1. I need the full set of residues from region 245-274 which are modelled with pLDDT under 70 and among the hydrophobic types (A, V, I, L, M, F, W, C), in order please.
2. For region 142-161, does any single residue satisfy the condition of being in a helix (DSSP H, G or I), closer than 19 Å to Thr74 by Cβ, modelled with pLDDT of 85 or more and acidic (Asp, Glu)?
3. Note down all Cβ pairs under 9 Å where the first residue falls in region 371-400 and is more than 15 Å from Asp344 (Cβ to Cβ), the second is of a type in the set (Phe, Trp, Tyr) and modelled with pLDDT of 90 or more, and they're at least six residues apart or on different chains.
4. Select the strands (runs of 3 or more DSSP E) contained entirely in region 325-407, then report the ones holding at least 3 residues which are modelled with pLDDT of 90 or more and among the hydroxyl-bearing types (Ser, Thr, Tyr).
5. What are the residues in region 160-180 that are farther than 21 Å from Thr110 by Cβ and among the aliphatic types (A, V, I, L, M), if any?
Amino acid sequence: MFSEWWQWARRHPRAIDVATAVVLWIFAVFSSTLTDARIVRTPPLAFSLVAAVPSVLLLLGHRRFPRTVVAVTTVCGGVLGVMGGRIGFDPSPSVAGAALVALYLLALRTELRTTILYTSGVAVALVIVSVGWGKGALLRPDQIGTLSCVLLAGAVGESVRNRRDHLAAVEARAELAERTREEEARRRVSEERTRIARELHDIVAHHIALAHAQAATAAYLLRSRPEQAQDMMDQLAGTTSSALRELKATVGLLRREGDPETPLEPSPGLAQLPELIASFEQTGLSVSVSVEGERRALSSGTDLTAYRIVQEALTNVTKHSGGARASVRLGYSRRLLTLTVSDDGQAPPAAGEPGYGLIGMRERALSAGGRLAAGHRADGGFEVTTELPLETAEPDPHQDDEERTAR
């Protein structure tokens, strides 16, 4: 019931203003006409008309001119008190009711300093005027009541404003927290999409490049050496099966809770480097591996990053290089793992290629806190060098080595 009334009042603010003005006028007129014997006397017409002035001013101007309305209604309250005393009435604090309501509304809309200033001014003005109401007597009950009503109006208005501001601040913080959570969720989704796209690119590009090379070799050998062609076709079947297994493992990470469990293979790492090298050697690419320094244990993320960078670099050699030899060097230091993949090819990169392989390798290196440089060597061929931290570190947004040529 109260909630419905409150909603109606918020939808019809002018109706509430009119009702408030009428109630204030009634109190200003009739409360001062009561004698001690509770006998009601009819107020004079002039007094009734003057009593309507502060209520009308409050109705028309409290939203646009709150400070002016407080000052004018205070003056009107004093004038009503003086008029009532001269015609034989005993003025009550209700003659300044419009000033009290205006002061309350001012406290709702302004800061504490303004509220204190106007509350003090209204209190002093009404107390001074009330001295004339009682023929110069001080500390009468009506004076104390008037002073208390003024202070109460300002204090209640300030309290309501503080509570309203507090609720607004709480709502703003809740909205900001919700927006921050949504932005964080979108950022995480974007990062996850990038990671999945990079992982799928590495898997697909590697195996498709191998499958293409094996199929081309099998087609070349089919007429002259069918036995070797059959062996190459068997290797092609193994390559496609391996691609399907890795794709299944990667896509299986996207399953929701409650979906049938999908057996996932452990993430590859440098421990699987011999198998990776063997898969490239099946296509006719000769790959040498060298290790400098003492091997050290890597975190799972760094291990996977190193493996994928070597995989993508050798895939690029298979697709773009005109050479038949490549080398992989692993350099271990106290804090860094340095990966270098180079080839002796002479063919320039194909025109118009977007170079997603190098982009993916660079993103992987940065995500692990390292950096990557790639470009043509002075003595021919292409070289990819990556430095990965052996301990967790923040990604370095600045790279000393710029990629000299997109591949």
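The values are calculated or read from the model by the stated rules, or taken from the named source; none is laboratory data. Quick caveat, the model's predicted, so the values are computed rather than measured. Cβ atoms come from the backbone with ideal geometry, glycine included; neighbour counts cover every protein chain shown.
1. Listed by number, the residues that qualify are Leu247, Ala249, Val251, Leu253, Leu254, Leu264.
2. Taking every residue of region 142-161 in turn, at least one turns out to be in a helix (DSSP H, G or I), closer than 19 Å to Thr74 by Cβ, modelled with pLDDT of 85 or more and acidic (Asp, Glu).
3. Leu390/Tyr332
4. Correct list: 336-343.
5. Correct list: Val170, Ala174, Leu176, Ala177.
Here is a yes/no grid of residues against (1) more than 52 Å from the chain's Cα centre (by Cα); (2) at pLDDT 85 or above; (3) over 30 Å from His12 (Cα atoms):
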residue: His62; (1), (2), (3): no, no, no
residue: Val72; (1), (2), (3): no, yes, no
residue: Cys76; (1), (2), (3): yes, no, no
residue: Val101; (1), (2), (3): no, yes, no
residue: Thr110; (1), (2), (3): no, yes, no
residue: Leu139; (1), (2), (3): yes, no, yes
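Listed here are the residues, each with its yes/no results for (1) surrounded by 11 or more Cβ atoms within 10 Å (Cβ to Cβ); (2) within 47 Å of the chain's Cα centre (by Cα); (3) assigned to a helix (DSSP H, G or I).
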{"residue": "Ala185", "(1), (2), (3)": "no, yes, yes"}
{"residue": "Ala209", "(1), (2), (3)": "yes, yes, yes"}
{"residue": "Tyr220", "(1), (2), (3)": "yes, no, yes"}
{"residue": "Arg223", "(1), (2), (3)": "no, no, yes"}
